[in-house]
1. Where does the longest stretch of the chain lie that holds no trypsin sites (Lys or Arg not before Pro) found in a DSSP loop with 16 or fewer other Cβ atoms within 10 Å?
2. Let's test the formula: R0 of 35 Å, r as the Cβ-Cβ distance of residue 148 and residue 25. What FRET efficiency results, to the nearest 0.05?
3. Mind grabbing the accessible area of residue 100 for me, 1.4 Å probe, Å², rounded to tens?
4. If you place +1 on the Cβ of every Lys and Arg and -1 on the Cβ of every Asp and Glu, how big does the dipole about the Cα centre of segment 49-108 come out, in debye to the nearest 20?
5. Which net charge results when you count Lys and Arg as +1 and Asp and Glu as -1 among the other residues whose beta-carbon is under 14 Å from that of residue 50?
6. Build a GNM of the chain with springs between Cα atoms under 10 Å: which of 124, 171, 61 gets the top mean-square fluctuation?
7. List the residues whose amide H sits under 5 Å from the amide H of residue 128, counting only those 5 or more places along or on another chain, with H placed 1.01 Å from N in the peptide plane.
8. What percent does the relative contact order of segment 100-186 come to when contacts are Cα pairs within less than 8 Å and at least six residues apart?
Amino acid sequence: GRITLFGCPGEEGGGGKVFMARDGVFNDVDAVVSWHPERMYMVRTRPALANVKINYSFEGIAAHAGGAPHKGRSALDAVELMNVGCNFLRAHMELTSRVHYAILDAGGTAPNQVQSHAVVRYMIRAVDSAGVRALHERIDRIAQGAAMMTETEVTIRQVAAYANTIANDVINERFEAYLDEFLPLD
């Protein structure tokens, strides 16, 4: 057999292996022994969840919050309503699914302004890609509902996506035996 070492750039934020796979880098590969930094040396036997990262950008109408709030349509309110909706969704998801978010752009620093622009990034995780797609569709509808409630517009843009990993028990057992031999725990 042949062993090939691949460096995978941009892994946490950009999904380097996804682009490498798309471009055919792994076409002749029969099996992959992958490594991800952890706080300890171990063989990861649990699967990694499939996931997708999506930016939800809301556009509204700026206004002075003290002088003419009725003229504004708050993009930040839309982000907050979306987050509340997704938090309620958690009670109706598979137990193995996960939803995380970070507000990337709150629209500014002036609290006396109706924010006309805001962006939130969501990471949706599920056991497999089909589960991610189903949850992604539900979250898209929550974003559209938040935009409807605030009379704003939402743009949905996928940033990255990863399929779930599938562990190979035979390779894992052999790898663990050699890992224990070369890196004893005592």
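1. In the chain, the maximal stretch lacking such sites is 45-186.
2. So, using R0 = 35 Å, E works out to roughly 0.25.
3. Residue 100 has an accessible surface of roughly 70 Å² with all protein chains in place.
4. The dipole of segment 49-108 has a size of about 40 debye.
5. Overall, the nearby charge balance is +4.
6. Between 124, 171, 61, it is 171 that shows the largest mean-square fluctuation.
7. Here the answer is 50, since their amide H atoms fall under 5 Å of that of residue 128.
8. 19
The values are calculated or read from the model by the stated rules, or taken from the named source; none is laboratory data. What you see is a predicted model; the values in this text were computed from it and never measured. We place every Cβ from the backbone using ideal geometry, glycine too, and count neighbours over all the protein chains shown. Note: accessible area is taken over every heavy atom of the protein model, side chains too, but ligands, DNA and RNA are not part of it. Shrake-Rupley method; radii C 1.70, N 1.55, O 1.52, S 1.80 Å.
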